[in-house]
1. If you take volume of the Cα convex hull per residue in Å³ from the coordinates, which of [x] 255; [y] 144; [z] 331 do you get?
2. Quote the Stokes-Einstein diffusion coefficient, in whole µm² s⁻¹, for region 140-201, based on the Kirkwood radius over alpha carbon pairs, a temperature of 4 °C and a viscosity of 1.567 mPa s.
3. What are the GluC sites (Glu not before Pro) within region 300-338 that DSSP puts in a loop, where the Cβ has at most 11 other Cβ atoms within 10 Å?
4. Need one word for region 206-353: rounded, prolate or oblate. Basis is the Cα gyration tensor (sqrt eigenvalues a ≥ b ≥ c); a/c below 1.5 gives rounded, then a/b vs b/c decides.
5. Output wanted: per-residue J couplings in Hz (rounded whole) for region 26-38, from phi through Karplus 6.51 cos²θ - 1.76 cosθ + 1.60, θ = phi - 60°, x for Gly and Pro.
6. Which of the chymotrypsin sites (Phe, Trp or Tyr not before Pro) found in region 80-159 are in a DSSP loop and have at most 16 neighbouring Cβ atoms, other than their own, within 10 Å?
7. In a Gaussian network model over the chain where Cα atoms closer than 10 Å are linked, find which of Ser319, Ser281, Ser80 has the largest mean-square fluctuation.
8. With +1 on each Lys and Arg Cβ and -1 on each Asp and Glu Cβ, how big is the dipole of the chain about its Cα centre, in debye rounded to the nearest 20?
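Values quoted throughout were computed directly from the atomic coordinates according to the rules given, and no laboratory measurement underlies them. Only a predicted model underlies this, so the values are computations on that prediction, with no experimental measurement involved. Here Cβ is always computed from backbone atoms with ideal geometry, including for glycine, and neighbour counts include all displayed protein chains.
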Amino acid sequence: MKSEKISAKELFNAIDQIYEEKGITKEYLIESLKLALEAAYKKNYETNETIKVEIDEQNIKVYAVKEVVENVEDPNLQISLNDAKNITKRAKLGDSVNVEVTPKNFGRIAAVAGKQIIVQRLREAERNLVYTQYADKEGQIVVGIVQRTDKFGTIVDLGRVEAIIPLKEQIKTEKLEPHQRIKAYVLSVTESGKFGPQIVLSRKDPNFVKKLFEAEVPEIIDGIVEIKGIVREAGSRTKIAVWSNDENVDPVGSLVGKKGMRIQPIIDELNGERIDVIPYSDDVPSYIINAISPAPILAIDINDEEKVATVVVPDEALSYAIGAGGQNVRLAAILTDWKIDIKTEKQIKETVIE
C-alpha cells in the first residue's frame with residue numbers, strides 16, 4: 001500500500017490549544033492521540049493486526065507490527081523473512097517489523113474518530129489532574145463561591161471543580177446564599193467515574209475551627225503552641241485546649257490575640273459562634289477545672305477507677321457551670337474524656353449531713 005502524507009496540523013493546533021488552556025503536557029496529549037487513532041483504525045477496518053501510529057506535525061502514518069517468521073500462517077500478524085528484508089535489511093527471524101498500512105482516507109478518519117476519542121482522553125486526564133490537585137488539600141481549608149443548594153447539600157465552586165457541603169456537614173443556624181464567598185474544610189477527596197473527583201466539604205467539623213486558628217496564629221505553625229483538643233457544637237460553642245512549649249509564651253493569649261484581634265475573625269467566620277480557649281494540663285483536676293471555665297469551681301473530687309470527676313460550684317453558679325441545655329459540662333466532658341458530675345455547695349452539705 002502506497003504511503004500518503006496526511007496533514008496533522010489541525011490536530012496539533014488542538015493539542016497546542018489544550019496544552020495552554022488545561023496545562024496537560026504535550027507528550028501526554030500526543031500519546032493519547034496515537035492510542036485514539038490506533039483504536040479508530042481497528043474499529044473502521046475491523047482488523048486484528050497489532051497497530052502502531054506515528055505522528056508529527058506533518059504526517060500521520062499507520063503501521064502494522066508483524067513478526068518475522070519462516071512460514072507465514074497469519075498475514076495480519078506475521079511476515080516472511082524475504083518480505084521483511086525489503087523493509088529493513090537487518091531483519092531476522094523472531095524480529096518485529098513495522099509495515100506501513102496507512103489508508104488513503106485515514107485523514108478523514110483521524111479528523112472525525114481521532115478527535116472524538118482524544119477529547120474523551122483529555123477529559124479523563126483533566127479529571128486526574130484536578131483529583132491530584134485537590135487530594136493534596138484533604139484536611140485543609142479551601143475558599144469557594146456558593147452556587148446552589150439542593151436536597152443533598154450546597155454546591156460550591158472552587159475554580160476548576162465543584163465541591164459539595166452535605167446537609168449533615170452544614171451548620172443548622174447558617175444559611176448559605178448563592179454567590180456568597182465562604183471557607184470550608186476538605187473532609188475527603190475521592191475519584192468517581194465520569195463526573196470527576198468528588199470533593200466533600202464541611203463547615204461543621206471541629207477541624208474547621210482548628211485550621212482557622214492555624215491560619216491566624218503563627219505560634220501554632222512554628223510549633224510553639226499546640227492545640228491539644230477541640231470539641232464543638234457547630235453554630236453554638238467550641239472549646240479548644242492549648243499548650244505552650246515555651247514557658248514565656250501564653251497559649252491562650254496567642255490564640256485570642258491582643259484585644260481579640262486573632263480570635264475575632266474566626267468568630268466572624270463562624271457567624272458569632274462562642275469559642276472557649278482554655279489551657280491544657282497534664283494534671284487531670286486542673287484540666288477539668290479549666291474545661292468547665294469560666295464557671296467558678298469550689299472543689300473537685302476525682303474517682304480514677306470510674307473516671308468520674310465530681311465538681312462543686314457555688315449554688316448560684318450551677319446553671320452557669322452546666323450551661324444552656326447542659327452544653328458547657330457536656331463539651332467539657334468530651335474534651336477531657338472524663339464523666340463530670342456538677343454539684344452545688346448546698347447539695348454537698350446536705351450529703352455530708354445525711
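1. Matching entry in [x] 255; [y] 144; [z] 331: [x].
2. Rounded, D is 110 µm²/s.
3. Listed in order of number, the matching sites are Glu305, Glu306.
4. prolate
5. Listing the rounded values in order: 4, 4, 5, 5, 5, 5, 5, 5, 4, 4, 5, 6, 4 Hz.
6. Details: sites: Phe106, Tyr131, Tyr134, Phe152; in loops: Phe152.
In loop regions of region 80-159 (DSSP not H, G, I, E or B), the sparsely surrounded chymotrypsin sites (Phe, Trp or Tyr not before Pro) are Phe152.
7. Among Ser319, Ser281, Ser80, the largest GNM mean-square fluctuation belongs to Ser80.
8. 1780
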